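Encoded as structure tokens, the structure appears first; notes follow it.
The values are calculated or read from the model by the stated rules, or taken from the named source; none is laboratory data. Nothing here was measured: the structure is a model prediction, and the numbers come from that model. So basically every Cβ, Gly included, is an ideal-geometry build from the backbone, and we count neighbours across all protein chains shown. For accessibility, only protein heavy atoms count, side chains too; no ligands or nucleic acids. Shrake-Rupley method; radii C 1.70, N 1.55, O 1.52, S 1.80 Å.
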Amino acid sequence: VASASNEETVGEQVIHRLPTFTSVGEQLLVNEGSTIRMPCIVNRLDGFVLLWKKGDEFVAVGDQMVVKNDPRFQLIKETNENGGVIGNTLVISLAEETDAGDYTCQVSTFKPVEIKHSVKIRVKPVIQRVPDNGIIVAETGDTVKLECQVTRGSPMPEITWRRKERKMPTGEDSMRGLSLTYKAVTRHHSGIYICSADNGFGEPTETELKLDVQHKP
């Protein structure tokens, strides 16, 4: 007995027509602390069960979560216009860095079919000025380095520098880079420099460094 490609067979007997996915796998970039939603919807379940896995570890079987002691994980049942169950959406609230990874939804057939969601977590940048007190005192002619260290953040943020209420000493509005080095500074280099870190997580993270170039009378 010939069987269609979307039917499951045991020997030559057709058992069920296999479900097909109406949702697709997605590449998700989610801010830390927000909610991850991953749909797994088929045209019909017909008694089959949906399995959720993160990597090789099971997250949910059917309508039961197997993630222990983590109330952030839940399944939202999806139904059609007739009230029939056609899948679910895996929801993870208050997203954490450790939630990043590949999530697979499988239909529990003899030859499993699946879709995959890839999740990346965007983490707000945390930066530290060097030195900690934010004040650099130099003399005319000295070489000065203004530095801003990224202590946390994913993806790695872009660092830009600007000077408060003034253009940069070389005339630009801003400059990129983790640090700025000026050779043979003069009093025209003095001012408050703002280090800004941006990776798309809300408003950029900023800190200030004050450069005081002193000159002999």
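Things worth noting here:
- With respect to (1) within 30 Å of Met38 (Cα to Cα); (2) surrounded by 13 or more Cβ atoms within 10 Å (Cβ to Cβ), the lone exception for Gly202 is condition (2).
- Candidates Glu97, Glu114 - the one that is over 30 Å from Ile192 (Cα atoms) and surrounded by fewer than 13 Cβ atoms within 10 Å (Cβ to Cβ): Glu97
- Filter result for Arg122 (out of contact with any helix residue (DSSP H, G or I) (no Cβ under 8 Å at 6 or more places or on another chain), of a type in the set (D, E, K, R) and more than 30 Å from Val61 (Cα to Cα)): no
- Residue in region 27-35 that is small (Gly, Ala, Ser), farther than 24 Å from Ser154 by Cβ and either in a loop (DSSP other than H, G, I, E, B) or open to solvent by 30 Å² or more (accessible area, probe 1.4 Å) (or both) present: no
Residues checked against (1) part of a strand (DSSP E or B); (2) in contact with a Phe, Trp or Tyr (Cβ under 9 Å, 6 or more places away or on another chain); (3) within 27 Å of Arg152 (Cα to Cα):
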site: Cys40; (1), (2), (3): yes, yes, no
site: Leu75; (1), (2), (3): yes, yes, no
site: Glu78; (1), (2), (3): yes, no, no
site: Asn82; (1), (2), (3): no, no, no
site: Thr89; (1), (2), (3): yes, no, no
site: Thr98; (1), (2), (3): no, no, yes
site: Asp102; (1), (2), (3): yes, no, yes
site: Glu114; (1), (2), (3): yes, yes, no
site: Val119; (1), (2), (3): yes, yes, yes
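- Across region 34-91, the qualifying residues are those that are of a type in the set (Asp, Glu) and within 20 Å of Lys111 (Cβ to Cβ), and the one among them that is modelled with the highest pLDDT is Asp56.
- Residue match in region 128-145 (condition: at pLDDT 95 or above and over 30 Å from Arg187 (Cα atoms)): no
- For region 193-203, the criterion of being of a type in the set (A, V, I, L, M, F, W, C) and under 30 Å from Gly87 (Cβ atoms) is satisfied by no residue at all.
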